[in-house]
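Worksheet for the structure shown next.
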Amino acid sequence: MSLWLSGIGVSRGIAIGRVQRMHGGDLDIPEYTLAESELEREIARFREAQQRAKQQLRKIREQIPHGTPGEIAAFIDTHLLMLDDRSMTEAVVALIREHRCNAEAALRRQRDALMAVFEQMDDPYLRTRRDDVEHVATRVLRILLKQEKEAPAMPGASAEPTVMVADDVTPADIILMPQQGVVAFIAEYGGPLSHSAILARSLGIPAVVGLHNARRLLREDEWVVVDGDRGHALADPDERALQFFCDKQQRQRDTRRALDRLKDRPTVSRDGVRIRLLANIELPEDAQQAAESGAEGVGLYRTEFLYMNRQGLPDEEEQYAAYARVIGSVQGPITIRTLDLGADKQVDSGRSQSPTPNNPALGLRAIRLCLKEPELFRVQVRALLRASAHGNVKLMLPMISSVQEFRQARRLIDDARAELLRENKKIGEDVEVGAMIEVPAAAISAPLLARHARFFSIGTNDLIQYTLAIDRVDDEVNYLYDPLHPAVLQLIRLTIQAGEQAGIPVAMCGEMAGDPRYTRLLLGLGLTEFSMHPAGLLEVKNAILQSDVGDLRRRVTQLLQSTDGRHWRETVEALTSIA
Ligand code: PEP
Ligand code: MG
């Protein structure tokens with residue numbers, strides 16, 4: 001009998017395959033006390049397991065297919081670096097000695113402590129690093145326990161496609177999927193911002209996560225349809241359902257082929273409105289993928305990745321070199337966002353530890369942290385301004401909530417500029433400074449902010465979280481995360497209107513901009529600059545080419561003035577439905 005299951009779709013597309021359940025997330029970890037004389041042997045056993053884990057990862061790295069985006073190898077490199085980190089090596093050895101316990105117990109203790117630290121972090125990206133700690137520790141634990149996952153055999157030519165169903169899926173698992181005939185995955189845990197989700201999107205592997213109990217509910221070897229667009233899985237589909245999804249899959253393939261032909265076409269709507277499509281990038285390697293997708297530039301470069309998975313902070317020279325490299329490889333203008341870290345940064349940098357705040361997302365993060373720690377900000381701004389000599393660079397300030405905050409940051413940037421000029425350092429001529437609009441207060445006071453900022457970029461990921469009071473990484477309340485909520489749409493419109501009136505450009509760089517279901521609605525709200533993950537760019541472009549912007553604007557303007565709930569529902573549904 002067919003069974004519908006619902007989770008969170010984190011990587012789009014339809015896939016059909018046989019269930020292959022991966023067991024073993026739940027390792028049974030023994031704990032026992034050792035005699036003093038056994039300690040050195042236990043430590044050697046731990047170090048050997050660690051070396052073996054590194055060998056495994058290096059082997060996986062070698063198997064990455066040629067032409068795969070650079071960021072993929074970076075995920076493995078991150079895990080390799082973590083395996084060498086003192087927190088995963090010497091700290092565990094110290095625990096073995098201190099507690100006279102076996103290596104598995106010491107590693108579990110250290111893993112849990114590290115995961116607890118990451119879980120408290122304010123920045124959602126850093127919080128997902130908890131998964132990395134878990135993946136790396138589990139790999140070593142499996143080796144110690146002699147419970148290594150059997151890599152699924154390479155499929156023969158006639159082998160049937162499989163869908164991996166697991167408690168959690170690591171980036172290393174995902175890299176091997178295409179070669180192993182795995183066409184999609186379902187995970188019981190995880191969210192759209194995890195490394196695994198980002199990777200699945202980059203590789204085009206449909207994925208649904210947060211599907212609790214999936215391994216209990218799905219039977220080994222039964223057929224399952226994974227609908228990454230809607231976050232559904234359909235087990236044991238009947239003839240008709242299967243036919244429906246096969247047709248849908250075929251349509252998606254045809255569409256993808258057709259989309260590739262749009263790469264070099266200018267982005268102009270049916271009624272002649274010119275729209276700019278930009279890319280969001282995280283790692284220096286992403287710049288190439290951005291250019292290949294036909295993006296006109298970069299609308300969001302998230303710099304916090306430079307600060308992650310390391311001890312201490314990057315100094316000005318290191319940052320300058322990294323930014324200059326990215327700027328050099330981007331075609332067109334690049335908007336670089338200054339640090340968007342949370343109260344968590346002390347952990348790695350050795351700065352003073354303060355107690356974990358109760359609501360980290362509402363705490364000392366992004367620009368607030370930079371203003372509180374001007375030296376941290378100054379080093380980054382100096383590096384950015386120096387790198388701006390190499391291209392068309394704009395600086396963007398995250399999480400601005402008031403004019404005062406923007407002006408204070410602006411003053412620090414001006415000071416850094418003056419300092420560099422005194423030192424005869426080369427910097428870009430007119431580096432524009434803009435504000436991210438991701439706090440409701442900023443959207444509501446956008447007309448005031450627009451008198452100071454040279455541009456706006458709407459960060460819908462946070463704007464939705466703060467407007468609807470929903471923690472964006474908490475899968476318990478994920479069902480309430482609604483980009484189409486009237487309050488969210490009104491705030492987007494307010495921001496765009498303020499930009500239009502002040503004559504400054506307004507872009508959107510949150511996930512909403514890269515989802516083609518929302519393209520027509522956003523055009524109707526007056527958006528003319530979309531910045532997104534490069535993988536989604538052509539679909540959005542396609543939607544724009546087929547749109548009549550004038551008509552959409554009329555419809556959306558009427559909608560925003562309406563107090564009729566039914567009118568809202570019907571119009572929003574009509575504008576967001578995709579053929
Ligand atoms: C956003 O909030 O929409 C955004 C683009 O920033 P981040 O996802 O990095 O918080
Ligand atoms: Mg944000």
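The values are calculated or read from the model by the stated rules, or taken from the named source; none is laboratory data. Keep in mind that this is a model prediction, so the values were computed, not measured. Note: ideal-geometry Cβ built from the backbone for every residue, glycine included; neighbour counts use all protein chains shown. Protein only, heavy atoms only, side chains kept; ligands, DNA and RNA dropped before computing areas. Shrake-Rupley method; radii C 1.70, N 1.55, O 1.52, S 1.80 Å.
Numerical summary
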item	result
R0 of 25 Å, Cβ-Cβ distance Ala441-His567: FRET efficiency to nearest 0.05	0.30
Principal axis box of segment 36-145, alpha-carbon based, largest edge first, Å	51, 34, 20
Where a label projected 7 Å from the Cα of Glu500 along Cα→Cβ would reach, residues of segment 441-482 with amide N under 16 Å	446-447, 456
Karplus (6.51, -1.76, 1.60) ³J(HN,Hα), θ = phi - 60°, over segment 263-275, in Hz, Gly and Pro reported as x	3, 9, 7, x, 8, 10, 6, 4, 9, x, 8, 7, 10
Computed FRET value (nearest 0.05) for Val268 with Arg325, which takes r as the C-beta separation and R₀ as 30 Å	0.35
Accessible surface, the chain, averaged per residue in Å² (probe 1.4 Å)	44
Within the accessible area of the chain (1.4 Å probe), percent carbon and sulfur	48
For segment 415-486 and segment 255-324, distance of Cα centres in Å	18
Other-chain or far-sequence residues with amide H under 5 Å of Met396's (modelled H)	Ile336, Arg337, Thr338, Gly434
Long-range amide H partners of Val165 with built H, under 5 Å	Gln20, Arg21, Met22, Ile186
Highest-first arrangement of 224-237, 553-566, 103-116, 402-415, where packing means the average Cβ count within 10 Å	224-237, 103-116, 402-415, 553-566
FRET efficiency for Thr576 and Glu40, using Cβ-Cβ distance with R0 set to 45 Å, rounded to 0.05	0.10
Extension gain (nm, one decimal) between Gln252 and Glu476, 0.36 nm per residue minus Cα-Cα	77.6 nm
Kirkwood Rh (inverse of mean 1/r, distinct Cα pairs), the chain, angstrom	25.3
Antiparallel DSSP beta bridges within the chain, percent to nearest 5	35
Value at 222 nm in deg cm²/dmol, rounded to 500, when DSSP H runs of n ≥ 4 in the chain each add -39,500 (n - 2.57)	-14000 deg cm²/dmol
Relative contact order computed over the chain (Cα-Cα under 8 Å; 6+ residues apart), in percent	14
Amide hydrogen neighbours beyond the local backbone of Leu313, cut-off 5 Å, H modeled	none
